[in-house]
Amino acid sequence: MKKMQGEGLSTETGHIDYAGKKMGMWFFLFTEVLFFGGMFLLYSIFRYKYAQDFHAGAAEENIVLGTINTVILLTSSLTIALSIAAIKKGKKISSSCLQLATILMGVAFLVIKYFEWDAKISLGIYPNSPVLLALEKGQILFFGLYYVMTGLHGLHVLVGVVVISFMLHFTKRETINRENYARLENTGLYWHFVDIVWIYLYPLFYLIT
Amino acid sequence: MREKYAEDHIVPTGTYTVVWLALLILLAGTIAVAKLHLLAQFSVLGSLVIASVKAGLVLAFFMHLKYEGRFLKGMLTIALSALTMLIGMTFVDVWLR
């Protein structure tokens, strides 16, 4: 039997343990659920205690940029899902293009996030700044949570962009192919998870006022 | 030849596109709820319900959960129940303090 490239292969059967690989990824995502969950818990408690300050804080957010970023992430989830469907059909070129589109949208998300943070920082609103510390306690908490939660989410997007870039490279070298696409599929799961986190962050920071 | 696994199931492009369109419509809906004050004092709840519907669509179709076996669905249910209990019980504690 022709030896296939990739990990987790039993060379005797040529069988790739897709179920095992996928389950490993899901277990990792469960830890991520609790990772972000702790911060959502903090948000909900402080929001309850300082409803007015959170209201005032959310009014400062740029809804247009937040909405554009939401559209970008939702669309990037579509392109990565389609890239996996394409590789399963053996369409290497279209899968590569869709992965590239996902990477570009991830980068666009981060660039927009940069401008958003930059606008806030130029107003003097950043952790421990004199302007921020002069605000109400609830607003300090709101912006603290804003920076921590969108920052850690942004870090996840950055990691996703790097990982998808590797997947694009593997697709080009055909170590990800019609028969062996578990890595791309798991990358997709991660990317969708990051999308879901944003689906909750968006209303909590930009809309609920 | 390799056996056919559930993982081999290919979701049609049309399905993905419809899900994506639904997500965009829900996005417009959540903005309408928040900005036009459609649900008045329930706008927070409304926004979270819409967010959960969006998350559900991503999970079911993009993350393929609809086509997975009971084991994975069960594991996810446990994880999400743990999170709900964590947030819910802490919140109730603060609320009734």
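Looking across B:92, B:33, one residue alone is under 25 Å from residue A:48 (Cα atoms) and surrounded by fewer than 16 Cβ atoms within 10 Å (Cβ to Cβ). It is B:92. As for segment A:144-154, it holds no residue that is assigned to a helix (DSSP H, G or I), open to solvent by 80 Å² or more (accessible area, probe 1.4 Å) and on the phi < 0 side of the Ramachandran plot. A Cβ distance below 6 Å, combined with a sequence gap of six or more or placement on separate chains, defines the contacts here; from segment A:86-100, residues that are within 11 Å of another protein chain (Cβ to nearest Cβ) reach residues that are among the hydroxyl-bearing types (Ser, Thr, Tyr) in the pairs A:86/A:94; A:86/A:95; A:87/A:95; A:87/A:181; A:98/A:79; A:98/A:83.
What about residue B:50, is it in contact with a helix residue (DSSP H, G or I) (Cβ under 7 Å, 6 or more places away or on another chain) and either within 30 Å of residue A:90 (Cβ to Cβ) or touching a residue at least 12 places away in the same chain (Cβ under 8 Å) (or both)? For residue B:50, the condition - in contact with a helix residue (DSSP H, G or I) (Cβ under 7 Å, 6 or more places away or on another chain) and either within 30 Å of residue A:90 (Cβ to Cβ) or touching a residue at least 12 places away in the same chain (Cβ under 8 Å) (or both) - is met. Of the residues screened, residue B:75 is not one that is surrounded by 17 or more Cβ atoms within 10 Å (Cβ to Cβ) and at the interface with chain A (Cβ under 9 Å from one of its Cβ atoms).
Scanning segment B:38-54 for any residue that is modelled with pLDDT of 95 or more and facing another protein chain (nearest Cβ under 7 Å) turns up at least one such residue. I need the full set of residues from segment A:114-139 which are in contact (Cβ under 8 Å) with a residue 40 or more places away in the chain and under 26 Å from the mean Cα position of the chain (by Cα), in order please. Scanning segment A:114-139 gives A:115, A:116, A:119, A:120, A:125, A:139. Within segment A:111-128, the set of residues being surrounded by fewer than 16 Cβ atoms within 10 Å (Cβ to Cβ) and not aromatic (Phe, Trp, Tyr) comprises A:111, A:118, A:119, A:121, A:122, A:123, A:124, A:127, A:128. For segment A:189-207, taking the residues that are of a type in the set (Ser, Thr, Tyr) and modelled with pLDDT of 95 or more, the one that is least open to solvent (accessible area, probe 1.4 Å) is identified as A:202.
Looking at segment A:162-209, which of its residues are without any contact (Cβ under 8 Å) to a residue 12 or more places away in the chain and not in a loop (DSSP other than H, G, I, E, B)? Full working, then the answer.
Within segment A:162-209, the first condition is being without any contact (Cβ under 8 Å) to a residue 12 or more places away in the chain, and the residues that meet it are A:162, A:166, A:169, A:173, A:196, A:203.
Within segment A:162-209, A:162, A:166, A:169, A:196, A:203 meet the criteria.
Only residues that are open to solvent by 30 Å² or more (accessible area, probe 1.4 Å) and more than 7 Å from chain B (Cβ to nearest Cβ) were counted across segment A:24-34, and they come to 5.
The values are calculated or read from the model by the stated rules, or taken from the named source; none is laboratory data. Nothing here was measured: the structure is a model prediction, and the numbers come from that model. Every residue, glycine as well, gets a Cβ built from its backbone with ideal geometry; the counts of neighbours run over all protein chains shown. The protein model used for the area step is the full one, side chains on, heavy atoms only, and it has no ligands, DNA or RNA in it. Shrake-Rupley method; radii C 1.70, N 1.55, O 1.52, S 1.80 Å.
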